[in-house]
Amino acid sequence: MSQLINAQSTGIPLYVLTNDAYDAWLGKQRAATQTWLATTGYQGKGLATIPNESGSLAAAVMVVNDASEYFACGDLVNKLPAGQYLLETDEANNSAVAFGWCVGGYRFDRYLTNEKHAKTLPVLAVGKQVLVDEAIKLSEATALVRDLVNTPAADMMPQHLAQTCQALAEEFGASFSEVVGDELLTENYPTIHAVGRASCHAPRLLDLRWGNSDAPKVTLVGKGVCFDSGGLDVKPASGMRLMKKDMGGAAHVLGLARMIMAFGLNVQLRVMIPAVENAIAGNAFRPGDVITTRTGLNVEIDNTDAEGRLVLCDALADAADEKPELIIDFATLTGAMRVALGTELPGFFATKDETANGISQAGEGVQDPVWRMPLHQAYRDMLKSDIADMTNCANGPFGGAITAALYLQEFLPKETDWCHFDVMAYNVRALPGRPKGGEAFGIRAVFGYLQSRFS
Ligand code: BES
Ligand code: MN
Ligand code: ZN
């Protein structure tokens, strides 16, 4: 990111304008520029590059509907030729353009050996160091989420997530601890162990703590299923293909934690990640098994593919024991949420209207939309078991995202201020600033909300 943007005040001018400002701008340009834009048929929409007399690049102009839109300029970094550009726009839009530039310049090149074809990306000069710092902090969080999700499962197992946590802790002076393998049983995290025990990569509960112990405590919990085969209720090939992304919730909370720590928010942060592989082996947990969870509630396994809520329930119960001000979890929990809202709008559930509204509002301001879903208590019945306290999933085809959220809610005291995000963590199509592949959804919305609530 730091090679994509700097605080200098020199470069080829890049004018980012809204439709209504374009005509006035055009009127002020020299005759040759006006002729060039007319000759090349530029319609005052999107990007145009403008040459000087010798044929080199004199300026670039980008006309957008709304220059304060965070992704409006997400493609500029890929469309402009290499070189340094000086951002010329309304001051109010600086942050959005800088962010779009940086996230648009994201590449996942870890497995690309042939660097010959890699294009040198242009650089954006924004004149002010604070703008650079802000854009880098935000876009590095997004890049972290994308990298973690994009990395194939073979290279992103629980131990790799642990290394990531450890490195993040070292970078920001946080503390890190973990419970690994059979210790999960002695430390009373039976569901994390049950889901993860069939993998040759030991299951873990990762735990990062940062901040001032006098500040309000915020605990983030992320689903870290490093690969979801479905377990013995194995997924079909089509459903399994993208399941390296099933640690997307963990990636999201790490990205959000990175923002919180980089901006130095006044909170006492705890990040918990149950990290497992939902694998198949002779010791795998089975449909019909009953697991006694951390709180003592007995859960009958209806389907081993509803594993995310299992690993989360023990982590959430532990999180709640400390009575934090706010608990937020992120998880690639259900296909049903994708059916409800599509892949590009994350749904979330919340116990408190004030928190939910604050997050929704914050998301609108930074083009990180989120959509609240209902914790419709009447559907709790669908989790009834014949032989145990409850099952891990409803067996009908309807309301799956809601019943998954209701399952999680069982492990939290009633008064808990809790939000649960059910995210896709993946772009199935490319959009400006949003390449295909791993993606962060909702973390800037939540960060914006946390900034307003805790500072
Ligand atoms: N990781 C999946 C959910 C998922 C699938 C999220 C595709 C995003 C895209 C989760 O573990 C799962 O398999 N859920 C099942 C639940 C069912 C068995 C009740 C699902 O959604 O089909
Ligand atoms: Mn599953
Ligand atoms: Zn899963």
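The values are calculated or read from the model by the stated rules, or taken from the named source; none is laboratory data. As the structure is a computational prediction, the values presented were derived from the model and not from experiment. Heads up, the Cβs are rebuilt from the backbone with ideal geometry, glycines too, and the neighbour counts pull from every protein chain shown.
Computed quantities for the displayed model
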{"quantity": "Positions within region 124-159 being touching an Asp or Glu at 6+ places or on another chain (Cβ under 8 Å) and among the aliphatic types (A, V, I, L, M), in sequence order", "calculated": "VAL145, VAL149, ALA153, MET157"}
{"quantity": "In region 323-346, residue farthest from ASP228 (Cα to Cα) [restricted to those that are in contact with a strand residue (DSSP E or B) (Cβ under 6 Å, 6 or more places away or on another chain) and more than 16 Å from ligand 3 (Cβ to nearest atom)]", "calculated": "GLU325"}
{"quantity": "Filter result for TYR85 (of a type outside the set (Val, Ile, Thr), closer than 26 Å to ASP368 by Cβ and in contact with a strand residue (DSSP E or B) (Cβ under 6 Å, 6 or more places away or on another chain))", "calculated": "yes"}
{"quantity": "Answer from LEU383, LEU333 - the residue that is crowded, with 20+ Cβ neighbours inside 10 Å and either in contact (Cβ under 8 Å) with a residue 60 or more places away in the chain or within 16 Å of ligand 2 (Cβ to nearest atom) (or both)", "calculated": "LEU333"}
{"quantity": "Residue in region 58-75 that is closer than 17 Å to PRO432 by Cα, modelled with pLDDT under 95, surrounded by fewer than 21 Cβ atoms within 10 Å (Cβ to Cβ) and of a type in the set (Asp, Glu) present", "calculated": "yes"}
{"quantity": "Cross-chain or 6+ apart pairs with Cβ under 6 Å, region 217-230 first and in contact (Cβ under 8 Å) with a residue 40 or more places away in the chain and charged (D, E, K, R), then part of a strand (DSSP E or B) and more than 10 Å from ligand 1 (Cβ to nearest atom)", "calculated": "LYS217/GLN268"}
{"quantity": "Among (1) touching a Cys at 6+ places or on another chain (Cβ under 8 Å); (2) within 12 Å of ligand 2 (Cβ to nearest atom), the one test that VAL234 misses", "calculated": "(1)"}
{"quantity": "The listed residue being in a loop (DSSP other than H, G, I, E, B) and more than 25 Å from ARG241 (Cα to Cα), out of LEU87, LEU121, LEU131", "calculated": "LEU121"}
{"quantity": "Residue ranges of strands (runs of 3 or more DSSP E) in region 212-295 with at least 1 members away from ligand 3 (no atom under 14 Å from the Cβ), of a type outside the set (Lys, Arg) and within 27 Å of GLU134 (Cα to Cα)", "calculated": "217-222, 268-278"}
{"quantity": "Residue check, GLY248 within 15 Å of ligand 1 (Cβ to nearest atom) and in contact with a helix residue (DSSP H, G or I) (Cβ under 8 Å, 6 or more places away or on another chain)", "calculated": "yes"}
{"quantity": "One residue from PRO122, PRO152, PRO158 being in contact with a Lys or Arg (Cβ under 7 Å, 6 or more places away or on another chain) and buried (at least 22 other Cβ atoms within 10 Å of the Cβ)", "calculated": "PRO158"}
{"quantity": "Selected residue (criterion: surrounded by the fewest Cβ atoms within 10 Å (Cβ to Cβ)) from residues of region 190-212 that are at pLDDT 95 or above, over 21 Å from the mean Cα position of the chain (by Cα) and farther than 23 Å from ALA153 by Cα", "calculated": "PRO190"}
{"quantity": "Odd one out for LEU310 among (1) touching a strand residue (DSSP E or B) at 6+ places or on another chain (Cβ under 6 Å); (2) within 15 Å of ligand 2 (Cβ to nearest atom)", "calculated": "(1)"}
{"quantity": "Qualifying residue in region 138-150 (condition: modelled with pLDDT of 95 or more, more than 16 Å from ligand 2 (Cβ to nearest atom), under 23 Å from ILE301 (Cβ atoms) and in contact with a helix residue (DSSP H, G or I) (Cβ under 8 Å, 6 or more places away or on another chain))", "calculated": "no"}
{"quantity": "Any hit, region 304-318, residues being more than 16 Å from ligand 3 (Cβ to nearest atom), touching a residue at least 60 places away in the same chain (Cβ under 8 Å) and surrounded by fewer than 21 Cβ atoms within 10 Å (Cβ to Cβ)", "calculated": "no"}
{"quantity": "Total residues in region 296-325, condition within 16 Å of ligand 1 (Cβ to nearest atom), assigned to a loop (DSSP other than H, G, I, E, B) and touching a Phe, Trp or Tyr at 6+ places or on another chain (Cβ under 9 Å)", "calculated": "4"}
{"quantity": "Qualifying residue in region 403-418 (condition: in a strand (DSSP E or B) and either under 25 Å from LYS323 (Cβ atoms) or touching a residue at least 40 places away in the same chain (Cβ under 8 Å) (or both))", "calculated": "yes"}
{"quantity": "GLY105 at positive phi and within 35 Å of the chain's Cα centre (by Cα)", "calculated": "no"}
{"quantity": "Some residue of region 357-373 being part of a loop (DSSP other than H, G, I, E, B) and over 30 Å from GLU69 (Cβ atoms)", "calculated": "no"}
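Quick grid of which residues meet (1) within 21 Å of ASP314 (Cα to Cα); (2) in the same structural domain as MET261 (by TED's automatic domain parsing); (3) away from ligand 2 (no atom under 16 Å from the Cβ):
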position	(1), (2), (3)
ASN188	yes, yes, yes
VAL195	yes, yes, no
ALA198	yes, yes, no
ARG204	yes, yes, yes
LYS217	yes, yes, yes
LYS223	yes, yes, no
ASP228	yes, yes, no
MET240	no, yes, no
LYS244	no, yes, no
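Yes or no, residue by residue, for (1) at negative phi; (2) within 15 Å of ligand 3 (Cβ to nearest atom); (3) in contact with a Gly (Cβ under 7 Å, 6 or more places away or on another chain); (4) of a type in the set (Val, Ile, Thr):
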| site | (1), (2), (3), (4) |
| --- | --- |
| ASN395 | yes, no, no, no |
| GLU410 | yes, no, no, no |
| ASP422 | yes, yes, yes, no |
| ALA425 | no, yes, yes, no |
| ALA430 | yes, no, no, no |
